[in-house]
Amino acid sequence: MAAPSSHALPADLVGLRETTRRFVREVLLPAEPRPGDELAEEDRLALQAQARDAGVFAPHAPREHGGLGVPLQHWSPIFQEAGYSPIGPSVLNCMAPDEGNMHMLAQVATPAQQEQFLRPLVRGEVRSCFGMTEPHPGAGSDPGALRTTARKVDDGWVISGEKRFTSGALVAAYCIVMARTEATGEHPAGATMFLVPMDTPGMRVGAPIHTVDRYIAGGHPHLHLEDVHVGDDAVLGAPGEGFRYAQVRLGPARLTHCMRWLGLARRALDTALDRAEARELFGAPLHSLGLAQGLISDSVIDVETSDAIITKTAHLLVDDPRAGSAMSSVAKVHCSEAIFRVIDRAIQLCGGDGVSDGLPLAQYLNEVRPFRIYDGSTETHQWAIARRASSARRREVEQGAPALGSPAYPRSDSNRH
Ligand SMILES: Cc1cc2nc3c(=O)[nH]c(=O)nc-3n(C[C@H](O)[C@H](O)[C@H](O)COP(=O)(O)OP(=O)(O)OC[C@H]3O[C@@H](n4cnc5c(N)ncnc54)[C@H](O)[C@@H]3O)c2cc1C
């Protein structure tokens with residue numbers, strides 16, 4: 001089907017998108033492991049070396065730290081090409097959670113922290129993880145329930161608590177840990193982010209959590225922080241700013257998940273289209289049967305509307321980050337649900353093969369299912385979207401707009417609408 005939208009893509013980036021497309025289709029598709037198997041680490045490193053040689057490595061990361069410096073508003077076509085292969089984002093070093101961490105470190109880390117933590121991440125020399133979610137009754141959908149604490153001591157901080165679903169923790173060199181902190185000096189109480197090397201005494205990766213997805217290396221284990229002592233220089237940015245920085249990370253990070261998984265949805269749709277072309281049923285090709293056409297057209301609509309909302313949100317995140325962050329909720333709900341539907345319909349069109357390991361579609365469905373939960377579940381975002389819509393409309397009415405649906409409007413003595 002049609003390639004990702006290249007609307008307003010500068011000429012040099014059209015070239016990068018094409019190179020990425022060729023690299024993914026010619027080099028990565030033949031190198032993919034069987035559905036459900038992980039890419040061996042030595043194979044991943046060898047493919048990363050090829051990606052560097054091809055000039056497609058770390059497209060989103062700042063040039064001064066070793067990336068290609070593509071601006072955020074133009075990430076989508078390139079990330080979608082990467083996502084066309086489930087190993088693409090990892091080989092191109094634009095995979096979660098590293099990619100979101102890179103973006104946040106580029107925005108809020110000190111120059112020394114960028115040198116120590118960001119540069120090796122961009123170059124693919126280390127990996128990272130992000131520790132926000134906790135076991136009940138701690139932080140999950142509600143970050144305000146954060147229970148991990150960091151206590152100020154003379155020479156730094158002591159962090160205690162437990163995280164879970166810490167993607168990549170088994171292979172990470174460091175974790176960005178979110179902890180609750182008291183007010184210190186001029187810094188307010190709230191949450192603070194800490195850059196904590198995984199080999200710091202007291203950091204212990206705990207039990208694995210076996211989820212349905214496979215392509216994030218390092219699993220999603222528990223992480224125990226047992227009186228982890230770090231220096232003041234471990235504070236990412238400033239104390240008390242953790243919740244604000246989480247938004248700096250999560251707005252773009254949930255949108256890049258949409259981009260990558262939309263690439264995989266395109267792959268699923270192409271698989272279904274090829275099957276519908278080749279398969280004859282009831283004396284006709286499958287693609288000519290009306291109900292099959294319904295499945296195909298609904299998927300094309302889901303892909304195209306996702307592409308459009310991603311592009312709009314990416315531009316908003318640059319032009320008006322606050323509005324962009326709010327719009328990223330809309331994009332996240334739409335894309336995560338639409339991408340799931342596209343892959344599910346592709347399975348349906350492929351019949352029994354769709355749910356067998358003869359095709360990778362069932363594994364794709366396993367990969368995208370958790371996306372309806374992480375980065376804020378569909379329901380959490382719907383709740384936020386509705387609250388924002390109500391309060392924005394309330395403000396308009398307070399500023400003089402007629403309250404159209406109010407019980408007092410239209411007046412009973414009037415037939416105006
Ligand atoms: C594969 C995977 C990878 C992950 N990686 C990371 C990671 O790297 N780092 C990290 O910190 N976390 C990670 N997470 C955790 C993820 O962010 C949380 O699972 C998510 O925030 C939901 O929290 P919870 O699991 O505690 O569910 P809960 O908070 O218990 O929510 C359960 C359900 O409640 C419903 N709900 C939520 N809000 C509302 C509402 N306002 N109104 C109505 N219903 C609502 C939703 O249906 C939601 O699914 C990962 C999770 C998964 C599955």
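Values in this text are rule-based calculations from the coordinates and carry no lab data. Predicted, not measured: the structure shown is a model, and the values here were computed from it. Cβ placement follows ideal geometry from the backbone for every residue including glycine, while neighbour counts extend to all protein chains displayed.
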Want the number for ARG341 to THR184: 0.36 nm per residue separation, take away the alpha-carbon distance, what's left?
51.7 nm
GNM, the chain, Cα, under 10 Å: largest mean-square fluctuation among ASP307, ASP53, ASP213?
ASP53
GNM flexibility winner over the chain from PRO360, PRO402, PRO370 (Cα, springs under 10 Å)
PRO402
Among the lysines, which fall within straight-line cross-link reach of LYS332, defined as a Cα-Cα distance under 23 Å, with same-chain neighbours fewer than 8 residues apart omitted?
LYS312
So which aspartates and glutamates pass the test for LYS163, namely a Cα distance under 13 Å, with those fewer than 8 places away in the same chain ruled out?
GLU134, GLU226
Whole Å is fine, so just give me how far the alpha carbon centre of the range 34-112 lies from that of the range 131-167.
28
So if R0 is 41 Å, what FRET efficiency would THR211 and ASP154 give, r being the distance between their Cβ atoms, rounded to the nearest 0.05?
0.50
Within the set of other residues whose C-beta is less than 14 Å from the C-beta of GLU115, count the net charge using Lys and Arg as +1 and Asp and Glu as -1.
-1
Place a point 7 Å from the Cα of ASP274 in the direction of its beta carbon; the residues of the range 299-318 whose amide N falls under 20 Å from it are 299-300, 303
Residues with beta-carbon under 15 Å from that of VAL153, excluding VAL153: net charge, scoring Lys, Arg +1 and Asp, Glu -1?
-4
How many nm is it between the label spots at ASP353 and ARG204, if each spot is 7 Å from the Cα in line with the beta carbon?
5.0
Three-way shape call for the range 33-112 based on the alpha-carbon gyration tensor, with the a/c threshold at 1.5
prolate
GNM, the chain, Cα, under 10 Å: largest mean-square fluctuation among GLU186, GLU337, GLU304?
GLU186
For LEU291, project a label point 7 Å along Cα to C-beta. Then give me every residue of the range 249-281 with its amide nitrogen under 15 Å of that point.
281
Would you calculate the convex hull of the Cα atoms in the chain and tell me its volume per residue in Å³?
182
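Evaluate the relative contact order of the chain (contact order divided by residue number), counting alpha-carbon pairs under 8 angstrom at least 6 apart; express in whole percent.
That works out to 14 percent.
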At a Förster distance of 51 Å, what's the computed FRET efficiency of LEU45 paired with SER390, Cβ-Cβ distance as r, to 0.05?
0.50
Less than 14 Å Cβ to Cβ from MET203, Lys/Arg counted +1 and Asp/Glu -1: what total charge do the surrounding residues give?
-2
Given a Förster distance of 41 Å, the FRET efficiency implied by the Cβ-Cβ spacing of PHE282 and ASP37, rounded to the nearest 0.05, works out to 0.65
